[in-house]
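Below: the structure, in structure tokens.
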Amino acid sequence: MSQWDEFDCTLASSLSQLPPPDEGMDAVTPWRRAMKQIVTGLCLTCFTLNFLGLQYLLPALGAMELYLGARSLRDANRWFRRFFIISACKGIFLYINLAAAATTFHASLALFNTVSGIPLTAALLVCFRQGLRQITRETAPDFRKDPALWALAWYAVLILLALFLPQPGWPVFLLLIFAFYRIVRALLSAAAELETAGYALRAAPVRISGERLRAVCLGSLLALVGLAMVLWGHTPLSGTAVTEVPLSPEGRAVQEELAELGFGSVWAQQLTETDLLSLRGAVRLDDGGVEEIPQGSDGGNLHENQVFFFLMPDGDVRVLHFFAPGDGGGFWQCQLSVRSNAAVTGCTTRLTWQRGGRFRAAELAAEDGVMNTGLDFFGQPYTECSAEFPPFSWPLFSHTRRGYVLFTAGQEANPRTLLQERLEYRSDSHPAYPYGTYAGKADWSYGRRCYYGDGSGLTWKADQETE
């Protein structure tokens, strides 16, 4: 059989399948397949689901689909070539961010990621629209529809809602869903527009197939994230060597003043002079008592806890927590947090440990507490203020770990006020993704309460003066 006879047989057999099925059209029409990939990529990279790790997995898959779709269109015109370059930049940017999320740089990059992602997506939609306009001018000059412009307009609506209503209610949430639906519909209409215009596209040549490129990018990303978690997924305390420094005359005076209130020198010697001077002028002390907590009890690996309440002349209370967590674990991530029914300010901590025969110490400061109010299960109003210290990790092979937390609990001038406070300690024995997240309950959580007035606990100085 000659080559022409073979061609006639092939042509005759193909005519029996007209019109061709959609699967066949996708295989031979790069435009349709590329548009599906672009729409999928834009949807997955613009919107996230914050559970089960989907906020990291879906954008990674979406950036890959977006790049593959743009790669097929890069030779169509100059706008689609720019669309391809921006999609590649967006993929590289997301690749770096997903790897950085496993490191201690995650928190510092959060705002930058949010701000920089908006112009990249907007630039993608602009280039996409201009590319469509150029094609329709060449193939269908009388075509007046502009669905890509509507996609860009609805994306602007989403950005405005995110900027001015960061915590939307149900009406705004439904509007977000509707805007997202309109964007997807506009993009699909843009693809149908070219098919109606009879536009044909020859896919740009590639050296690596899409399947192989997906496997290489996602596999290398997984390996890089694992390496980043091991090497940079913790913040070891460096600290300084603990040395005996004599107190200044002011420090000795405050130490003697506190000793008269019942604050023993064994505790005062553990404070820095700055923290000791912050207790100057205390008018009363409530000693919560020392409590030994055995390993494996309800206190977790908390070995010792001591709480002091110092009533200050202005009515505020300085709360001092001494604690001794266990020597095991804590190499990856640890975090201390304070809970109180009063405003928390001036929250500091000093951590000490022994390693290689030497004692070292490090200090951390927390931002002022965030206050929340509401109603409890029984309909009674409540107030809770929480302050969290930045994550840290104990040095490897360290032991004899100790620390204290000192903060101010602001109180109103009410002698019957009840102060409730609690210190929580969390630690992870394995890397966490992203860095700074903690799973499960706290290792230990310990707190005290005290009353003001009526001879129980602390008493306001003003009440003492009127007696």
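The values are calculated or read from the model by the stated rules, or taken from the named source; none is laboratory data. Since this is a predicted model, take the numbers as computed values, not measurements. FYI the Cβ positions are ideal-geometry reconstructions off the backbone, even for glycines, and counts take in every protein chain you see.
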Review point. Do we have any residue at all in the stretch 393-412 that's modelled with pLDDT of 85 or more, over 27 Å from G226 (Cβ atoms), of a type in the set (K, R) and over 25 Å from the mean Cα position of the chain (by Cα)?
Key: yes
Point to revise | Out of D314, D298, D327, D286, sole residue that is at pLDDT below 90 and either at positive phi or crowded, with 18+ Cβ neighbours inside 10 Å (or both) | key: D286
Check your understanding: more than 17 Å from M35 (Cα to Cα), more than 22 Å from the chain's Cα centre (by Cα) and either modelled with pLDDT under 70 or exposed (fewer than 15 other Cβ atoms within 10 Å of the Cβ) (or both), is that true of R202?
Key -> no
Review point. Do we find a residue being over 17 Å from the mean Cα position of the chain (by Cα) and at pLDDT 75 or above anywhere in the stretch 105-116?
Key: no
